[in-house]
Amino acid sequence: MISVQNVSKVYQLYNHPLDRVLGALALSRRRKAEFWALRDINLRIKRGEVFALLGPNGSGKSTLLQVISGILQPTTGRVLISGRVAALLELGAGFNPEFTGRENVYLNGEILGLSRKELDDVFPRIEAFAEIGQFIDRPVKEYSSGMYVRLAFSTAIHVDPEVLIVDEALAVGDAIFASRCVQKFEELRRKNVTVLLVSHDLGLVKRLADRAAFLLDGRIVMQGAPKDAVNRYVGFVLDRERNITEQSSGTEQSSGTERSSGLLRESIAGGSISTKSSFRHGDGSSRVMDVRILNAIGETCHAFRPGEAIILRIRASFQKTISNPVVGILIRNRIGMDIFGTNTRLEGAELGAFEPGDEIEVEFEMDCLLSRQEYTVTVAVQYWNGLSQDWLDDVLDFRVEDTKDVAGVLNLNTRVRHQKIVPTANREPSRLTP
């Protein structure tokens with residue numbers, strides 16, 4: 001269990017290194033600036049829970065992990081952790097570059113309280129998972145980044161931690177190692193190990209995490225279901241890109257990303273579409289007025305069978321003069337994983353020019369090739385360059401019904417043919433008839 005209570009972390013910023021020395025000796029009254037890396041953070045992570053932290057670079061994620069791990073002391077507040085903690089915070093942390101891989105494994109294990117006998121017993125499993133071969137007895141300064149992370153991660157997960165803290169360390173691993181790590185995370189969950197994870201791999205967060213939090217400027221903006229935290233994060237990124245584009249083009253803009261998206265949300269808060277969506281953002285140049293899921297005969301439908309036609313109908317109105325807008329859809333499964341997405345630009349349909357007050361209706365018709373489970377629909381109206389005018393996450397849902405269970409999210413209507421092959425040696429010799 002991890003309990004973070006009113007934690008803040010502040011750094012004093014000085015214009016010159018000498019000012020820091022004089023300030024520490026109370027010999028200078030030169031002005032110093034304060035940088036709050038964390039402000040009033042409160043988290044409670046239950047035993048056996050996988051919790052993810054999301055946010056842009058500089059939002060305070062790594063600082064929070066270092067405070068929780070005990071590497072940094074908070075300026076205010078406190079952190080309570082029960083159980084043995086294994087942390088994999090950054091490439092290079094925890095290993096002595098002059099030591100061999102074997103020596104570093106034993107050193108880290110002893111720091112975590114394992115006896116030499118326990119380490120002798122677990123070392124073969126650590127070595128097998130890391131798969132670095134003969135390099136296990138070479139200094140780690142000779143390792144590639146991938147080899148280093150494989151050994152560090154393998155050590156962290158095999159010392160029987162009750163709390164595992166991982167900070168984006170898996171990003172340098174290859175696809176095979178990443179798949180193995182995902183399986184290991186799921187095994188740790190079954191063992192009731194608490195995992196605190198920072199990752200920019202949003203698909204990994206949706207797949208692994210039980211809950212997630214979105215950090216911005218050292219504060220927790222929201223915490224809840226992973227898909228909702230990912231939606232907020234993606235919305236922030238898209239809005240920030242729009243602001244950067246507006247600034248570089250010299251166009252007039254509002255007083256910030258949060259304000260512009262907030263004005264859009266307020267102006268449509270009373271509408272049914274807004275209340276159905278898990279998160280909505282965009283600059284408000286257009287508004288999605290209606291979204292419907294229809295079957296092949298045009299009836300509203302929320303249950304489909306494999307092979308049937310699914311029609312998504314979107315109606316939007318324009319608040320400004322817009323040329324060549326793009327209307328798009330995105331289908332996600334029940335845990336928020338992106339399954340399929342397309343838009344009018346990708347499909348080769350140019351929509352033309354629109355004036356304020358004009359409306360458009362777009363239909364996407366597709367064959368249902370999905371497996372039996374529940375799905376959500378996200379829709380958006382965007383500019384040609386991909387920036388959002390109106391984006392609505394998970395605005396509608398539907399389910400696929402089928403008597404056949406298949407693995408994954410697709411049902412490709414497989415047809416099976418088979419025949420028995422008798423080895424030549426076992427065949428009876430042919431008999432010639434006169």
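Being at pLDDT below 90, surrounded by 10 or more Cβ atoms within 10 Å (Cβ to Cβ) and among the aliphatic types (A, V, I, L, M) is true for just one of Leu412, Leu370. Which residue is that?
Leu412 is the lone residue from the list that is at pLDDT below 90, surrounded by 10 or more Cβ atoms within 10 Å (Cβ to Cβ) and among the aliphatic types (A, V, I, L, M).
Among the candidates Ile322, Ile339, Ile335, Ile314, which residue alone is more than 26 Å from the chain's Cα centre (by Cα) and within 29 Å of Ala229 (Cβ to Cβ)?
Ile314
In region 131-153, which residues are within 31 Å of the chain's Cα centre (by Cα) and among the aliphatic types (A, V, I, L, M)?
Within region 131-153, Ile132, Val140, Met147, Val149, Leu151, Ala152 meet the criteria.
Just a yes or no: is a residue in region 351-362 under 30 Å from Ala209 (Cβ atoms) and either of a type in the set (A, V, I, L, M, F, W, C) or surrounded by 20 or more Cβ atoms within 10 Å (Cβ to Cβ) (or both)?
no
Tell me which residues, restricted to region 325-338, are farther than 12 Å from Val379 by Cβ and at pLDDT 95 or above.
Pro325 - this is the single residue of region 325-338 that is farther than 12 Å from Val379 by Cβ and at pLDDT 95 or above.
Select, from Ala156, Ala212, the only residue that is buried (at least 19 other Cβ atoms within 10 Å of the Cβ), closer than 17 Å to Ile132 by Cα and either under 19 Å from the mean Cα position of the chain (by Cα) or in contact (Cβ under 8 Å) with a residue 60 or more places away in the chain (or both).
Ala156
Can you tell me which of (1) over 16 Å from Tyr383 (Cβ atoms); (2) at pLDDT 95 or above; (3) surrounded by fewer than 16 Cβ atoms within 10 Å (Cβ to Cβ) is the one Arg305 doesn't meet?
The one condition Arg305 does not meet is (2).
Just to be sure, is Ile126 touching a residue at least 24 places away in the same chain (Cβ under 8 Å), surrounded by 20 or more Cβ atoms within 10 Å (Cβ to Cβ) and assigned to a helix (DSSP H, G or I)?
Considered against the rule, which asks whether it is touching a residue at least 24 places away in the same chain (Cβ under 8 Å), surrounded by 20 or more Cβ atoms within 10 Å (Cβ to Cβ) and assigned to a helix (DSSP H, G or I), Ile126 comes out as yes.
Can you name every residue in region 6-55 that is touching a helix residue (DSSP H, G or I) at 6+ places or on another chain (Cβ under 8 Å), at pLDDT 75 or above and surrounded by 16 or more Cβ atoms within 10 Å (Cβ to Cβ)?
Answer for region 6-55, where residues must be touching a helix residue (DSSP H, G or I) at 6+ places or on another chain (Cβ under 8 Å), at pLDDT 75 or above and surrounded by 16 or more Cβ atoms within 10 Å (Cβ to Cβ): Val7, Lys9, Ala37, Leu38, Ile41, Gly48, Val50, Ala52, Leu53, Leu54, Gly55.
The values are calculated or read from the model by the stated rules, or taken from the named source; none is laboratory data. All figures in this text were calculated on a predicted structure; none of them were measured in a lab. For neighbour counting, all protein chains shown are included, and Cβ atoms are generated from backbone atoms with ideal geometry for every residue, glycine included.
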